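Input: a single structure, listed below in structure tokens.
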Amino acid sequence: MRTPLQAGDVIMTSEAPLGELAYMAENTDWCLGQRLFALRPNATLVDGRYLYYALQYAEVRADINGRASGTTVLGIRQAELRKVRVPIPSLDEQREVGALLGALDDRIDNLRQTNATLEAIAQALFKSWFVDFDPVRAKAEGREPEGMDPATAALFPSEFEDSELGPIPQGWRPVSFGDIATLSTGAVSPMATPERQFEHYSLPAFDAGQRPVAEPGETIKSNKTPVPSGAVLVSKLNPHIPRIWFVGDTNQHAVCSTEFLVWMPKRGFGSAFLYTVASSPAFNRAMRQLVTGTSTSHQRVRPGQLAEIQAAVISDDAFATFEVNVTPMLKQLDHNRRRAAKLAEVRDTLLPRIISGRLRLPTVEAAVVEFPA
């Protein structure tokens with residue numbers, strides 16, 4: 001596309017899949033590839049952010065899908081897309097709707113960005129302490145470990161010693177994944193209690209933002225694995241797509257797909273350390289070397305093989321301090337995910353009612369303002 005994208009444009013996929021949307025909040029130097037439409041609102045009639053939400057309204061979606069064609073892949077031609085009908089209130093009301101729903105999406109984005117930062121800090125700390133041994137190297141070179149208080153620095157030796165793994169901090173020991181984690185097993189048949197609400201950890205739920213789904217037992221068709229509080233879920237399917245889930249606190253009816261392996265920290269270890277090990281790039285590389293299956297979409301690893309992966313080189317004191325520092329980060333990360341899920345639920349509930357005119361804006365705005373940030 002020769003015309004540059006600009007703030008207010010709405011991007012829409014034309015097929016495979018049809019109707020995925022994105023809103024351009026600011027000017028960019030991006031250009032469009034194939035199977036994408038850029039919808040530029042007539043500024044005298046339509047607000048871009050309102051259009052983004054209106055295109056998610058069920059009646060508009062039905063109109064789009066009804067005008068689509070294709071057998072193998074469903075897609076829509078530009079001429080048909082132009083015929084799609086969109087509800088258009090006054091510009092002032094459109095801007096209010098866009099600002100209201102956009103504020104919820106902005107809160108969700110802020111939570112996700114915060115989580116990305118927390119995740120990066122936890123992983124950087126793990127790598128620095130237990131993989132690269134940065135504090136030990138600093139002390140060996142006569143420097144104070146960077147960004148570390150004296151009490152924490154004292155936990156690290158100033159010399160290395162030889163081992164089968166190469167030089168490691170003096171007095172430290174290597175641990176395998178099986179040394180720090182035990183596989184939690186068991187089976188639950190949700191359909192046996194069809195009216196009970198389960199907290200369902202599934203691969204689609206992970207991919208949708210690591211948000212477990214509350215579902216009645218009657219809708220969960222196959223046996224699942226129980227998920228205790230403090231578990232770390234490791235997907236055994238297609239490890240080239242890492243799916244490692246820090247669970248946090250669960251209710252007594254939490255279950256997960258059998259494609260997840262449920263790992264619990266062994267006595268003397270903690271969930272934070274277990275999670276940072278399992279989600280580290282080195283652990284994922286080791287997982288990918290253990291896959292079975294020829295199809296790239298159905299490769300799996302065996303639980304017993306994971307237990308043998310070299311996890312880290314640690315000392316008890318340094319590990320304990322790491323756990324104290326990182327556990328609050330991961331609990332906040334889990335809290336933020338649940339918070340983002342609640343905000344998304346509010347947004348998805350409000351959107352059709354506002355676009356259809358069934359809810360008046362002043363009432364909705366008051367409710368959203370009272371909803372804690």
Q: Run through all the Cα pairs of the stretch 1-114 and give the fraction in each 5 Å bin from 0, expressed as whole percent.
A: 2, 11, 19, 23, 20, 15, 7, 2, 0
Q | Acute angle (nearest 10 degrees) that the helix 316-355 long axis makes with the longest principal axis of the chain, alpha-carbon atoms | A | 10 degrees
Q.
Heavy atoms of the protein only, probe of 1.4 Å, neighbouring chains included. What is the accessible area of residue 298 in Å², nearest 10?
A. 110 Å²
Q) Does the stretch 215-264 classify as rounded, prolate or oblate by the C-alpha gyration tensor (a ≥ b ≥ c root eigenvalues; a/c under 1.5 gives rounded; else a/b over b/c gives prolate, otherwise oblate)? A) oblate
**Q.** Charge dipole (debye, nearest 20) of the stretch 178-255; +1 at Cβ of Lys and Arg, -1 at Cβ of Asp and Glu
**A.** 180 debye
**Q.** Added length on full extension, which subtracts the Cα-Cα distance from 0.36 nm per residue, residue 176 to residue 7
**A.** 55.8 nm
Q) Among 31, 256, what's the order by accessible area (1.4 angstrom probe), most exposed first? A) 31, 256
Q: Take the Cα radius of gyration of the chain and divide it by 2.2 N^0.38 Å, with N its residue count; two decimals is plenty.
A: 1.20
Q.
Suppose every Lys and Arg Cβ carries +1 and every Asp and Glu Cβ carries -1, with no other charges. What dipole size does the stretch 58-144 come out with about its Cα centre, to the nearest 20 debye?
A. 400 debye
Q: For the chain, with a Gaussian network of springs between Cα atoms less than 10 Å apart, report the residue from 87, 190, 226 with the top mean-square fluctuation.
A: 87
Q) Picking from 170, 76, 253, whose Cα lies most toward the positive end of the charge dipole for the chain (charges on Cβ: Lys, Arg +1; Asp, Glu -1)? A) 76
Q: Might you work out the accessible area of residue 236 for me, using a 1.4 Å probe with all protein chains in place, and round it to the nearest 10 Å²?
A: 50 Å²
Q) GNM, the chain, Cα, under 10 Å: largest mean-square fluctuation among 105, 249, 162? A) 162
Q) Are there GluC sites (Glu not before Pro) in the stretch 4-84 that DSSP puts in a loop and that have at most 13 other Cβ atoms within 10 Å, and which ones? A) 20, 26
Q: Report the charge-dipole magnitude of the chain in Debye, nearest 20, computed about the Cα centre from +1 at each Lys and Arg Cβ and -1 at each Asp and Glu Cβ.
A: 1380 debye
**Q.** Sequence of 359, 100 from largest to smallest accessible area, 1.4 Å probe
**A.** 359, 100
Q. Among the DSSP beta bridges whose two residues both lie in the chain, what percent are antiparallel, rounded to the nearest 5?
A. 90 percent
Q. Among the lysines, which fall within straight-line cross-link reach of residue 224, defined as a Cα-Cα distance under 23 Å, with same-chain neighbours fewer than 8 residues apart omitted?
A. 236, 266
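The values are calculated or read from the model by the stated rules, or taken from the named source; none is laboratory data. Everything numeric here is computed off the predicted structure, so don't read it as measured data. Using ideal geometry, Cβ is built from the backbone for each residue, glycine included, and neighbour counts are taken over all protein chains shown. Only protein heavy atoms, including side chains, enter the accessible area calculation; ligands, DNA and RNA are left aside. Shrake-Rupley method; radii C 1.70, N 1.55, O 1.52, S 1.80 Å.
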